[in-house]
Amino acid sequence: LHRLSGDGRGRGLLLGVEPLRDGKPATDEAEQVMYGALKRGLNFKVTMGNILTLTPALTLTQSEMDQALAILDKCLSEASPGNSPP
């Protein structure tokens with residue numbers, strides 16, 4: 001878990017992760033996560049200001065999913081309060 005852990009939900013391959021800071025939307029951190037992930041080759045969008053919305057291709061392999069989740073995990077760690085930006 002991350003300090004920014006909020007709500008996570010999904011249906012099929014559509015995933016949404018909502019970072020929260022003190023119970024409120026962590027919009028700055030969500031943007032930091034998005035740009036950090038993009039630098040590492042993972043592209044997704046932020047909706048409603050703080051919801052990380054991942055919509056992978058239906059042809060996604062297990063290896064690609066593992067890599068995407070590792071990138072997301074690293075970026076969430078870096079954006080968590082108390083950590084310095086990437």
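How many residues does region 35-48 hold that are within 11 Å of the chain's Cα centre (by Cα) and open to solvent by 40 Å² or more (accessible area, probe 1.4 Å)?
Summing the residues that are within 11 Å of the chain's Cα centre (by Cα) and open to solvent by 40 Å² or more (accessible area, probe 1.4 Å) in region 35-48 gives 5.
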TODO: Please go through region 44-63 and pick out each residue that is assigned to a loop (DSSP other than H, G, I, E, B) and farther than 14 Å from GLU18 by Cβ.
DONE: THR55, PRO56, ALA57, LEU58, THR59, LEU60, THR61
Open item on the list: Exactly one of these conditions fails for VAL33: (1) of a type outside the set (D, E, K, R); (2) without any contact (Cβ under 8 Å) to a residue 40 or more places away in the chain; (3) in contact with a strand residue (DSSP E or B) (Cβ under 9 Å, 6 or more places away or on another chain); (4) in a helix (DSSP H, G or I). Give me its number.
Closed with: (2)
Open item on the list: Among the listed residues PRO25, PRO19, identify the single one that is open to solvent by less than 80 Å² (accessible area, probe 1.4 Å), in contact (Cβ under 8 Å) with a residue 60 or more places away in the chain and closer than 18 Å to SER5 by Cα.
Closed with: PRO19
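Applying the selection to region 49-69, what residues are open to solvent by 50 Å² or more (accessible area, probe 1.4 Å) and either of a type outside the set (A, V, I, L, M, F, W, C) or modelled with pLDDT of 95 or more (or both)?
Listed by number, the residues that qualify are THR55, THR59, THR61, GLN62, SER63, GLU64, ASP66, GLN67.
The values are calculated or read from the model by the stated rules, or taken from the named source; none is laboratory data. Keep in mind the model is a prediction, meaning the values are calculated, not measured. Cβ: placed from backbone, ideal geometry, glycine included. Neighbour counts: every protein chain shown. Surface areas here come from the heavy atoms of the whole protein model, side chains and all, with no ligands, DNA or RNA. Shrake-Rupley method; radii C 1.70, N 1.55, O 1.52, S 1.80 Å.
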